[in-house]
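Only the coordinates and a few stated rules stand behind these numbers; no lab work does. All of these numbers come straight from a predicted model, not from anything done at the bench. FYI the Cβ positions are ideal-geometry reconstructions off the backbone, even for glycines, and counts take in every protein chain you see.
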Amino acid sequence: MKLIKLSALLALTVPISLFAQVAPQLPTNLPNVTTSQPPPAGFNALTASEATLQQYGYPPNPGPLSAAYAGWAKAVSAPQTRVEHPILEMTDMQAGPCKGFKELPSANKEGEEGGTVSAFRSGTSNNWSGFVVLAPTLRPFGGNNPGLGIVYAYWVVPIAQQPFSRVGDGKVDLCLQWVGIDGAGGSSDVLQAGTATGAFANSSGAKQALYAAWIEWFPFNIFQIKNFPVGPGEEIFCQVWNTSPTVGHAFFVDFSRNSSLKVAFSAPQNVRLVGNCAEWIVERPSSSSGLSTLTNYVACPWDNCVAVGSVGAKYNVVYFPATTNAQVFSLTMLDDAGNGISRANLQGLYDLWFRNFGSSR
């Protein structure tokens, strides 16, 4: 009953048409990625108009009555220096749609490790762990509705290390933390952004860790953002949204470094956003040689996991991992031998606790 009463309060009042306006974009080193003019000194995003927010590259304001507002307000009002000239590099890695999904036979109705009780459905995946909301109102492009989708979260970048059973074998282990739209429930594209943690150790004991921010619109490969450094233990905000079926946006804030970054990027040729699902995911990416082994990230807390959809001409529906107004799946990642290695537990309505367990072959 508590969740039902709460969902009745999740009303938004911002017309979609405001976000459909086109603000001037500045080039980056890649032709399909642009950035926005940085805000002037003393700029107050909390009181700015939607057109001004868009001009300076801020995510759209979900409205003060929305359950999505507090998380947005914290991110846009934090002290931050904007990266004015993002430098991106295409990698040989992909963070793609959910692979090998299998639904487990019974719904999970119990919280774990002190988490919230929720009636989400459970499943397994070869590359994803986390929560997926399948929501028809995130499908934004039917009829005359121009429609948009939003998804964001906060998380702490985990420490990158190899699985304890495989230290020093010369392999590179990778782990991605991201928010995104599409990639499950029949949609094959994914508009996504997040952080990466990688670990390597050779037989002589030399170790190296990789930490990076990235964007991707699958089936493109991952674009690493070279001049937006992130590190272990740092709190990251990441939001993904779109302003058309073929234009997506990502906004990052690193609260530990007081830095932020905004990029807009185009969909691959002949790809349009479907908008039927939103997700909060820890993933092992793939390359031409197959799925990577998973970094032993141990644990990763996530806060304020929120997605927003639209009915009619306004953003007016909010979703979260414990939502009752959409179908929710909790996914456990399997390794190549079929063993569970990563999953997320609910910690309240909007928060998740990811943990790494078992093997990674």
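When you restrict to C-alpha pairs under 8 Å that are six or more residues apart and normalise by the size of region 313-357, the relative contact order lands at 30 percent.
DSSP bridge analysis restricted to region 234-320 gives an antiparallel fraction near 100%, rounded to the nearest 5. Protection proxy ranking, highest mean first, for peptides 266-278, 29-41, 89-101: 266-278, 89-101, 29-41, where packing is the per-residue count of other beta-carbon atoms within 10 Å, averaged. When each of Ser129, Ser122 is scored by the number of other beta-carbon atoms lying within 10 Å, the sequence from fewest to most is Ser122, Ser129. Extension gain, Ile87 to Thr324: 0.36 nm times the residue separation minus the Cα-Cα distance gives 81.3 nm.
Neighbour counting of Cβ atoms within 10 Å sorts the residues Tyr56, Tyr319, Tyr297, fewest neighbours leading, into Tyr56, Tyr297, Tyr319. The Ser256 and Ser49 beta-carbon pair, evaluated with R₀ = 25 Å, returns a calculated FRET efficiency of approximately 0.25. The tail of the calculated P(r) for region 263-310 beyond 15 Å holds 70 percent of all Cα-Cα pairs. The distance between label points at Arg166 and Gln25 comes to 3.8 nm (points 7 Å beyond Cα on the Cα→Cβ vector).
Spread over its residues, the convex hull of the C-alpha atoms of region 18-82 is 104 Å³ per residue. Projecting the Cα atoms of Gly183, Ala213, Gly275 onto the charge dipole of region 134-291 (Cβ charges, centred on the Cα centre) puts Ala213 farthest toward the positive pole.
Per-residue Cβ neighbour counts within 10 Å put Tyr211, Tyr350 in the sequence Tyr211, Tyr350, beginning with the fewest.
From the alpha carbon centroid of region 180-229 to that of region 291-308 is 12 Å. Using only Cα coordinates, the Kirkwood hydrodynamic radius of region 280-361 works out to 14.5 Å. The ratio of the alpha-carbon radius of gyration of region 193-352 to the globular-protein estimate 2.2 N^0.38 Å is 1.14. Considering every Cα-Cα pair within region 199-293, what fraction, in whole percent, is farther apart than 21 Å? The share of Cα pairs beyond 21 Å in region 199-293 comes to 46 percent.
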